[in-house]
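One structure is given below, encoded as structure tokens.
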Amino acid sequence: MKQDREIDGSCELYLIAGAGILSAECLRGKRILNGHPGVIPAARGLDAFKWSIYNGLPLGVTLHYIDRRVDAGEIVSVIPTPVFASDTLETLARRHYENEIYTLAHFEESLRHPCNPFPHLPQGAQMRRMGSEQERELAERFALYKQRVFDNGQGWPGRPG
């Protein structure tokens with residue numbers, strides 16, 4: 001399939017597991033769910049995992065309907081990614097990725113029992129790929145991020161069992 005507008009409208013619901021921005025023509029008449037690796041509306045755009053740590057936002061995966069706006073459609077559920085004191089950036093990134101897979105694989109559960117433990121987060125800017133300068137700062141910011149999560153009693157919950 002060369003262009004997204006060639007996707008027919010024969011399905012009741014579509015699930016996106018990573019895609020670029022879909023055209024307005026593709027969206028027309030379709031209900032499309034996206035698994036976004038950030039807590040919408042605060043963490044929108046690319047590299048949401050990294051930007052969340054960099055900007056001190058909760059970590060989680062948002063299941064939301066796609067509309068014409070980037071990562072701003074109706075939220076179905078947010079599945080938090082737990083942060084542990086023993087985490088390294090790598091172990092947390094792995095857990096977060098596993099949370100993304102879990103969320104997509106169990107999307108029907110989220111449709112039946114929607115939840116959002118972060119309903120009052122402000123809308124963030126649509127972010128682009130993290131630059132090399134910010135990437136170099138990420139390890140230092142990660143240490144501060146973990147300290148803030150645990151020192152302020154903000155240990156965010158894990159995904160439902």
ask   = Amide H neighbours of VAL76 under 5 Å, counting only residues 5+ apart in sequence or on other chains, H built in-plane at 1.01 Å?
value = LEU63, HIS64, TYR65
ask   = For region 1-80, which whole percent of the accessible surface, found with a 1.4 angstrom probe, sits on carbon and sulfur atoms?
value = 50 percent
request  = Would you grab the residues whose amide H sits under 5 Å from the one on TYR14? Only those 5+ places off in sequence or on another chain, please, with H modelled 1.01 Å from N.
outcome  = ARG31, ILE32, LEU33
request  = Under a 10 Å cutoff between Cα atoms, tell me which one of LEU92, LEU13, LEU138 has the largest fluctuation in the Gaussian network model of the chain.
outcome  = LEU13
message = Below 8 Å between Cα atoms, with a sequence gap of 6+, how large is the relative contact order for the chain in percent?
response = 25 percent
message = Whole-Hz ³J(HN,Hα) for each residue in region 57-73, computed from phi via Karplus 6.51 cos²θ - 1.76 cosθ + 1.60 with θ = phi - 60°, x for glycine and proline: what do you get?
response = 9, x, 9, x, 10, 9, 9, 9, 7, 7, 10, 6, 8, 7, 6, 9, x
request  = Starting from the amide H of LEU57, placed 1.01 Å from N in the peptide plane, find each other amide H under 5 Å away whose residue is 5 or more places distant or on another chain.
outcome  = none
ask   = Once every DSSP H run of n ≥ 4 in the chain is given -39500 (n - 2.57) and the sum is divided by its residues, what mean residue ellipticity at 222 nm do you get, rounded to the nearest 500 deg cm²/dmol?
value = -10000 deg cm²/dmol
key: For the chain, share of DSSP beta bridges that run antiparallel, in % to the nearest 5   = 65 percent
Residues of region 1-117: accessible area per residue with a 1.4 Å probe, Å² = 52 Å²
remark   = Connecting every pair of Cα atoms under 10 Å apart in the chain and solving the GNM, the largest mean-square fluctuation among TYR145, TYR14, TYR65 falls on TYR14
ask   = Put +1 on the Cβ of every Lys and Arg and -1 on every Asp and Glu Cβ in the chain; which of TYR97, GLN134, PRO122 then has its Cα farthest towards the positive end of the dipole?
value = PRO122
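The values are calculated or read from the model by the stated rules, or taken from the named source; none is laboratory data. Every value quoted in this text rests on a predicted model; they were computed, and no experiment measured them. Don't worry about glycine lacking a Cβ; one is built from the backbone with ideal geometry, like all the others, and counts go over all protein chains shown. Keep in mind that these areas ignore ligands, DNA and RNA; they rest on the heavy atoms of the full protein, side chains included. Shrake-Rupley method; radii C 1.70, N 1.55, O 1.52, S 1.80 Å.
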